[in-house]
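A.B. asks: Dumping the structure here so I can ask a few things about it.
The values are calculated or read from the model by the stated rules, or taken from the named source; none is laboratory data. A quick note: this is a predicted structure, and the numbers were derived from the prediction, not measured. Here the Cβ positions follow ideal geometry from the backbone for every residue, glycine too, while neighbour counts run over all protein chains shown.
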Amino acid sequence: MAIPEIERILSCDESGRAAIEKAKEDARQLLAGAENEIEEFKKQAQKEIEEFKDKEIAAILQEADRKAGEIEEDARAYCENLKRLFASREEELASEFIKRFYHEAGM
């Protein structure tokens, strides 16, 4: 084998090694860029999830507050009806109570 052929083989070997190192470095840079993009995507997705949760929780709380107001109003109306009923029958109830009291007391 002649020296020029050996030099050509060594040169190709060095070129091949350099190309492999360049490819490895390019791959490392691509991987680092992809990892950064993934992290940014994760952060954005988490932010959107939090915003969605906050919006949904606010809507649920608003609906619960509205229903609580309705229930409070219904309870207030029910109490007012009971008061009116009691007031309209107060004399009758008192009279019945007194009659019952005297009857049970044997008077």
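A.B. asks: Which residue pairs have Cβ atoms closer than 6 Å, lie 6 or more positions apart in sequence or on different chains, and pair a first residue in the stretch 40-52 that is at negative phi and surrounded by 10 or more Cβ atoms within 10 Å (Cβ to Cβ) with a second residue that is of a type outside the set (D, E, K, R) and part of a helix (DSSP H, G or I)?
C.D. replies: none
A.B. asks: In this structure, does F41 turn out to be at pLDDT below 95, in a helix (DSSP H, G or I) and either of a type in the set (F, W, Y) or touching a Phe, Trp or Tyr at 6+ places or on another chain (Cβ under 8 Å) (or both)?
C.D. replies: no
A.B. asks: Which is under 48 Å from the mean Cα position of the chain (by Cα), assigned to a helix (DSSP H, G or I) and of a type in the set (V, I, T), of I20, I60?
C.D. replies: I60
A.B. asks: Somewhere in the stretch 88-105, is a residue without any contact (Cβ under 8 Å) to a residue 60 or more places away in the chain, in a helix (DSSP H, G or I) and in contact with a Phe, Trp or Tyr (Cβ under 9 Å, 6 or more places away or on another chain)?
C.D. replies: Scanning the stretch 88-105 turns up at least one residue that is without any contact (Cβ under 8 Å) to a residue 60 or more places away in the chain, in a helix (DSSP H, G or I) and in contact with a Phe, Trp or Tyr (Cβ under 9 Å, 6 or more places away or on another chain).
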